[in-house]
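The values are calculated or read from the model by the stated rules, or taken from the named source; none is laboratory data. Keep in mind it's a predicted model, so treat the numbers as computed, not measured. All Cβ positions, glycine included, derive from the backbone under ideal geometry; neighbour counts span all protein chains shown.
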């Protein structure tokens, strides 16, 4: 079983091994104390709160990088995708990912139901409250869905987008996640992805990439003369705030993935994960700043923000093993990849509004392949197998579903609606009505 395997029994096993290592008197005792049970449950809940707060970070980042006429729509998409993810992970996702995978390819199609009967009777060998585990796993699937919304902003219809979120969170993510975290075939091979550079971020990236290709670019982004026309976002301070919120939430994303907090060894590991996570983001920002100065002769704020995200994604596959210096370099490579791939995707006429494909897919692949550099238990061949298998599965299933949506209910708003803005066209409202066309608010009475 891998360290990151999220089978139901893992929390107890992790706690028992840590207790045996730090408390010789308990080395032969299979019991988990009530205190350890409480600490492990709190670990899931507190870190889950931080990961949930990442939904606010994605919302603010995307709201800042779209035009003001699409702001309310992107806010609605982010709160609705979080809600859809929560329902789907209850209805089918959790058990599909974790129930009876046993070295295979998927679990069972059934709703989740927690069972704490043994703990209520005073036996705590389960390791943590079932509900705390479900909550922590659920906020991860919501993160994968958030990656897609920013890439496809400003031209995709609301309901087809949410239909895809149902498919991604209820079927695609749980199946590929079961291959490793659910104890499936990749876990048996020794694939290492501690907190989800591939399982979460690259999955969202592949779904976003196929969607962007099939959906097409925003009107005016690419001219008939082959020129690329930048479309600036409306609010860079808001995008910067969103990046800081994501940075904060990532401590829960990676730190909580230790999966236990019932011993001093676990707490030490969590602290190391925190500082490595932070340093990787530092590396991503600084590398992106230097690269944009060298290449474009000016430092680019939006690219620097995306560099922070790429640094965080890069370290997520293995934040537990690098030294602080190695974590900085891993994150720095992620920042460099952003500066390379954002303009490359533009040249390929793939319109990614927020740079999510570069930050989540490309940095996610890099981070997963970098694990063996600092982790002797991982191998490059096995890491490549996991990256390739998950990439093929997610890209192919996503493309088929995007195409099915395109040729049935349709994906894009009309050109007139796109020019008007999705806020008015789909919601009948504006995020900033006082600054919209038509002047100012007149007070009467």
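Answer with yes or no whether residue 91 is in a loop (DSSP other than H, G, I, E, B), more than 26 Å from residue 361 (Cα to Cα) and touching a helix residue (DSSP H, G or I) at 6+ places or on another chain (Cβ under 9 Å).
The answer is no for residue 91.
Identify the single condition in (1) farther than 20 Å from residue 359 by Cα; (2) assigned to a helix (DSSP H, G or I) that residue 203 does not satisfy, given that it satisfies every other one.
Of (1) farther than 20 Å from residue 359 by Cα; (2) assigned to a helix (DSSP H, G or I), only one is false for residue 203: (1).
Would you call residue 42 crowded, with 24+ Cβ neighbours inside 10 Å and either in contact with a strand residue (DSSP E or B) (Cβ under 9 Å, 6 or more places away or on another chain) or at pLDDT 50 or above (or both)?
Answer is no for this residue.
Provide a single number: the residues in the stretch 175-210 that are touching a helix residue (DSSP H, G or I) at 6+ places or on another chain (Cβ under 8 Å) and surrounded by fewer than 24 Cβ atoms within 10 Å (Cβ to Cβ).
Adding up the residues that qualify gives 4.
Being surrounded by 22 or more Cβ atoms within 10 Å (Cβ to Cβ) and not in a loop (DSSP other than H, G, I, E, B) narrows it down to one residue among 329, 312; which is it?
Among 329, 312, only 312 is surrounded by 22 or more Cβ atoms within 10 Å (Cβ to Cβ) and not in a loop (DSSP other than H, G, I, E, B).
Run down 113, 126 and say which single residue is over 19 Å from the mean Cα position of the chain (by Cα) and without any contact (Cβ under 8 Å) to a residue 12 or more places away in the chain.
Result of the check over 113, 126: 113.
Name the single residue, out of those in the stretch 122-132 being within 9 Å of residue 41 (Cβ to Cβ) and in contact with a helix residue (DSSP H, G or I) (Cβ under 6 Å, 6 or more places away or on another chain), that is surrounded by the fewest Cβ atoms within 10 Å (Cβ to Cβ).
The extreme case among them is 129.
Taking the options 252, 262, name whichever one is assigned to a helix (DSSP H, G or I), more than 19 Å from residue 371 (Cα to Cα) and touching a residue at least 60 places away in the same chain (Cβ under 8 Å).
252
Might you check whether a residue that is modelled with pLDDT of 95 or more, surrounded by fewer than 18 Cβ atoms within 10 Å (Cβ to Cβ) and within 17 Å of the chain's Cα centre (by Cα) occurs anywhere in the stretch 225-244?
The answer is yes, given that some residue of the stretch 225-244 is modelled with pLDDT of 95 or more, surrounded by fewer than 18 Cβ atoms within 10 Å (Cβ to Cβ) and within 17 Å of the chain's Cα centre (by Cα).
Residue 132 fails exactly one of the following numbered conditions: (1) without any contact (Cβ under 8 Å) to a residue 24 or more places away in the chain; (2) under 30 Å from residue 309 (Cβ atoms). What is the number of that condition?
Evaluating residue 132 over (1) without any contact (Cβ under 8 Å) to a residue 24 or more places away in the chain; (2) under 30 Å from residue 309 (Cβ atoms) leaves (1) as the failure.
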